[in-house]
1. Quick one: among Ala315, Ala345, Ala191, which has the greatest mean-square fluctuation in a GNM of the chain with alpha-carbon springs under 10 angstrom?
2. Given Cβ point charges of +1 (Lys, Arg) and -1 (Asp, Glu) and nothing else, what value in debye, to the nearest 20, does the dipole of region 333-420 about its Cα centre take?
3. Would you mind pulling out the separation of the Cα centroids of region 352-390 and region 29-104, in Å?
4. I need the shape label for region 274-420. Rule: rounded when a/c is under 1.5, else prolate if a/b > b/c, else oblate, with a, b, c from the alpha carbon gyration tensor.
5. Could you work out the Kirkwood radius for the chain, taking every pair of different alpha carbons, averaging 1/r and inverting it, reported in Å?
6. Neighbouring Cβ atoms within 10 Å as the yardstick, rank Glu298, Glu217, Glu233 fewest first.
7. Suppose a student asked you for the relative contact order of the chain, using Cα pairs under 8 Å spaced at least 6 residues apart; what percent would you report?
8. Counting other beta carbons within 10 Å of each Cβ, put Arg198, Arg72, Arg150, Arg362 in order, fewest first.
Amino acid sequence: MRAVHADAIITGDAGVVRDGAVVVDASGTVVEVGPAADVLPRHAGLPVERARGVLLPGLVNAHTHLELSALRGQVTGGAGFVPWVEHMIGVRAEAFPEDDAEAIEQAVAELDAFGTVAVGEVTNSLSAVQPLARRGIVGRIFHEVFGIERASLEQRVADLPKIMAERVGAWPTLELDYAPSPHTLYTTHPAVVRRLAREARERGSRVSLHLAEHAAERRFLEHGDGPIPGWYELRLKLRRDLLEWPGKSPIALADDLGALGPHVICVHLTDARPEELELVARRGAPVVFCPRSNLFIETRLPPLLNARAAGILPALGTDSLASNASLDVLAEARALADRFPTVPASELVRMATWEGARALGRDDLGRIVRAARPGLFSIEGDAGAIADDPCAFVLKNLRAPRRWIVRRPPRLTNLAGAAS
Ligand SMILES: [Zn+2]
């Protein structure tokens, strides 16, 4: 066991302890946390590490696409989702980012350097699974399923175990949960959305769904027109006059399909209306906002104030480097702090830590509390600014040095067949 004594501890879920101390055991599990004057005398004799600055639980980046990391700076934004995705597909066809092991390795190393312990990784290629596992970053792997032709999509789902074995080999760790996930409600056949959501619920797992991300999604699902049908025609060679659409809003459709509940992580909701957010809240669905990606693609912000009014405290994600400048989830909190000055900094930091862990269904992460194993890192800086408001300090000083104090070592399986 050892103790860490810091100028301030941001617990993730329960505010701040000024001049605090944490005691952890050899595995990094928290034994006790509280004011240093109480905790340290109770553990006299333990080695004490003095961490200058703020101590935080490892960050949770609840929405990433690490396989696109080689597209950093390559895709133009600002004109809306369909132009962005068109450009992204074009660049992707030339660059094969999912085969760029170096860019993915580099992105995972950056996540680690930012203080990240967990991700909600959405992927087609599973390219980031081994790099994440090797570095001890945990969470969920959402293997994306898309296609609107039902029979071939059902076949694809049936083939997933084989694809997984080919691309990943033996699954490297139990700390990365695997779940096939629908891409969106307009790119994945509704019967398959229903099936994947149901299977996740039955297994006690979670799927991820890009939901109500932009106006074109609503326009197509409600009325069958807007930019999406043209995109189908171009990309999927589908005849416009044969298209069917549900005549429902994205949130209502998700609800109809059994895809609105604690087992479905709703990503974006940028285009969701207040009454729709209320339904999301009533169903208990976890929510992830990706503000910098929304700003880049759509020049639009997620509806943070309406979500809060509905009782939703979202998690945060960076989305991919094809629509963002970095994988730092605290920079997402900062982007919201700059644009929603009435929202307390403590709440925004909580979204990057504990709310992320909650969204991923991991109550052992994202908070410094007895029995959790969150990983601990420090952010160093001016003592006066830290004393003033530790959470505001964190958001204002994204470039301040971050240092791991207690790492979360990888727990790999399948090393010579034995769990370690
Ligand atoms: Zn995404």
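Bear in mind these aren't lab numbers, they're just calculated from the coordinates by the rules spelled out. Small disclaimer: the values here were computed from a predicted structure and weren't measured. Positions of Cβ are generated from backbone atoms using ideal geometry, with glycine treated the same way; all protein chains shown enter the neighbour counts.
1. Top of the fluctuation ranking is Ala191.
2. 420
3. When both Cα centres are located, 13 Å separates them.
4. Oblate, because a/c is 1.5 or more while a/b does not exceed b/c.
5. Here the Kirkwood hydrodynamic radius works out to 21.9 Å.
6. The fewest-first ordering by Cβ neighbours comes to Glu233, Glu298, Glu217.
7. 23
8. Least crowded to most crowded, the residues run Arg150, Arg198, Arg72, Arg362.
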